[in-house]
Amino acid sequence: MRGLFPPRFTLRGLGLLALLATAAILVFASCADGADTRWPGWGFTHTQFSADHGETEAMTSAQQAVSRQVMLQNQHIMGWGVENPEPAPGMYDFSDLDSRMGFIRESGGIPIITLCCAPDWMKGGTAGETDWNELTTAPLPEHYADFADLSAVIARRYPDVRHFMVWNEFKGFFDEATKQWKAREYTDLYNQVYDAIKAVNPDNRVGGPYIGMATTSPDIATTASTLSGPWGSVDQRALETLDYWLANKRGADFVVVDGLATRAGGAGDEFAALGKLSAVSRWVRERTALPLWWAEWHVEPAESGWTDRRQIALRTAAMITMATSGVNTALYWNPSPASEGCAPCLWTDTRDEDGGRPLPLLSTLQEFARWFPPGTPLEEVPAPPEVRVLSQPRRVVAVNTVNSEVTVQLDGRAVRLGPYETRWITRERE
């Protein structure tokens with residue numbers, strides 16, 4: 001997958017791993033009153049083209065922008081910008097993964113690794129070859145132990161990584177004959193990986209099942225569930241899969257879900273569709289006390305044609321929803337950066353000479369990590385129904401969800417928000 005655009009320069013950052021890991025921990029401090037400063041809760045996933053390749057000045061610019069606030073940074077072990085880590089049994093190539101992990105360290109991030117996907121020889125392919133069309137194929141059961149061994153090798157190679165997600169969206173674990181998720185097979189793989197990662201370091205934290213909470217129509221009896229609302233119904237098969245994993249996992253340090261929350265399920269508008277995020281979060285938390293992670297959350301349909309303001313407002317409102325729903329961790333799926341006109345991107349393309357410039361959504365993520373990490377004491381602020389508000393004693397974020405001006409009262413003063421405006425406000429109290 002890499003190689004479509006050969007890079008001119010690469011950030012490796014391979015030296016002094018333990019020192020860098022210690023430094024990242026020491027420098028982290030949240031400004032949120034009363035919040036747990038050990039875990040920022042907010043971050044992003046590196047995808048196909050990230051900021052570890054491109055023009056030197058552009059990469060430096062992106063790295064400096066990201067380093068302004070400690071956030072979580074997630075990377076997959078194969079695909080999404082990383083070559084096959086074990087093309088043949090016992091033959092390793094960690095050059096791309098080293099590059100991504102180097103960027104994460106150099107930008108002060110807290111690293112997370114997603115243990116997906118699997119080398120071809122574990123899936124019935126030919127050793128030494130990589131067919132990217134088979135990226136999302138699951139390993140064969142007879143190679144689950146091999147994938148667990150690879151996971152352990154990676155855990156030893158990056159001793160500063162403490163959090164590991166097992167697989168991604170049940171890729172390859174769907175039975176086309178029965179139209180059901182292969183919950184037993186996935187859980188078998190998960191348990192072997194869990195044991196392997198914990199054997200490297202018992203302090204390592206492992207989570208799953210990273211199942212997509214797909215929306216279906218409440219009218220489809222074979223897939224609809226009681227977990228429903230104006231936004232649609234969550235597919236019953238996903239709920240049953242998560243329940244199976246919870247009952248049969250060897251152990252876990254957190255539970256992982258992902259999903260879309262768009263108008264496709266029947267919501268009246270895109271902001272009403274965000275109710276799915278809170279509904280799913282409540283449903284999961286009723287079943288387990290494990291910290292809840294949203295590994296991905298997608299809220300905008302493709303080619304919406306919306307203005308930048310509207311796109312940013314929707315994503316900010318989604319983060320407000322998660323912050324008030326007991327979510328411990330939310331990772332933003334960073335699109336491949338574009339040179340211009342990419343409101344969902346965090347920075348401009350580092351392959352351009354003037355690239356690597358931070359975009360507004362990066363600042364939004366950083367503000368949430370700084371002011372609203374998990375455990376932040378929240379305060380209610382009266383607001384009209386068109387405005388979404390998240391407030392703590394020192395900082396407020398307000399989002400206008402309509403295409404017209406709206407006024408909200410904050411600490412005795414009127415704050416006028418333009419159409420789809422997002423405003424961060426410092427509290428002023430007598």
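Only the coordinates and a few stated rules stand behind these numbers; no lab work does. What you see is a predicted model; the values in this text were computed from it and never measured. Neighbour counts are summed over all protein chains in view; Cβ atoms, including those assigned to glycine, are modelled from backbone coordinates with ideal geometry.
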The set of residues whose placed amide H lies less than 5 Å from the amide H of Leu115, leaving out same-chain residues fewer than 5 positions away, is Met165, Val166, Trp167
Hey, can you grab everything whose amide H is under 5 Å from the amide H of Ile110? Only 5+ residues off in sequence or another chain; H modelled, so Pro and N-termini drop out. Met71, Leu72, Gln73
With charges set only on the Cβ (+1 for Lys and Arg, -1 for Asp and Glu), what does the dipole of the chain come to about its Cα centre, in debye to the nearest 20? 1180 debye
In order over the stretch 279-291: 3J(HN,Hα) from phi, Karplus 6.51/-1.76/1.60, θ = phi - 60°, whole Hz, x for each Gly or Pro, gives 5, 5, 4, 5, 4, 5, 5, 5, 9, 7, 8, 5, x
The ³J(HN,Hα) series, computed from each phi in the stretch 54-68 with the Karplus coefficients 6.51, -1.76 and 1.60 at θ = phi - 60°, rounded to the nearest Hz and given as x for glycine or proline, is x, 6, 4, 5, 5, 5, 5, 4, 5, 4, 5, 5, 5, 6, 5
Based on the alpha carbon coordinates of the chain, what radius of gyration and maximum Cα-Cα distance (Dmax) apply, in Å? 21.4, 70
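In percent, how large is the relative contact order of the chain, given Cα pairs closer than 8 Å and 6 or more residues apart?
So the answer I get is 17 percent.
Arrange the following residues from fewest to most other Cβ atoms within 10 Å of their Cβ: Leu390, Leu140. Intermediate values should be presented prior to the final figure.
On the way: Leu390 23, Leu140 16.
With the fewest neighbours first, Leu390, Leu140 line up as Leu140, Leu390.
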³J(HN,Hα), Karplus 6.51/-1.76/1.60, whole Hz, each residue of the stretch 380-397, x for Gly, Pro: 7, 10, x, 8, x, x, 6, 10, 9, 10, 10, 9, 10, x, 10, 8, 9, 10
Would you calculate a helix-derived [θ] at 222 nm for the chain, using -39,500 (n - 2.57) for each DSSP H run of n ≥ 4 and dividing by the full residue count, to the nearest 500? -8500 deg cm²/dmol
Sorted by chain and then number, the residues having a modelled amide H within less than 5 Å of the amide H of Tyr332, at least 5 places away or on another chain, are Gly43, Phe44, Thr45
Treating only the Cα positions of the stretch 379-430 as identical point scatterers, give the base-10 log of I(q)/I(0) from the Debye formula at each q in 0.13, 0.18, 0.22, 0.27 Å⁻¹. -0.26, -0.49, -0.73, -1.08
Note, Gly90: beta-carbon cut-off 11 Å, +1 each Lys/Arg, -1 each Asp/Glu, net -3
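Could you rank the peptides 175-188, 392-405, 365-378 by their average count of other C-beta atoms within 10 Å per residue, with the highest value first? Mind showing how you got there, number by number?
Values: 175-188: 14.7, 392-405: 18.4, 365-378: 20.6.
Taking the mean over residues of other Cβ atoms within 10 Å, the ranking is 365-378, 392-405, 175-188.
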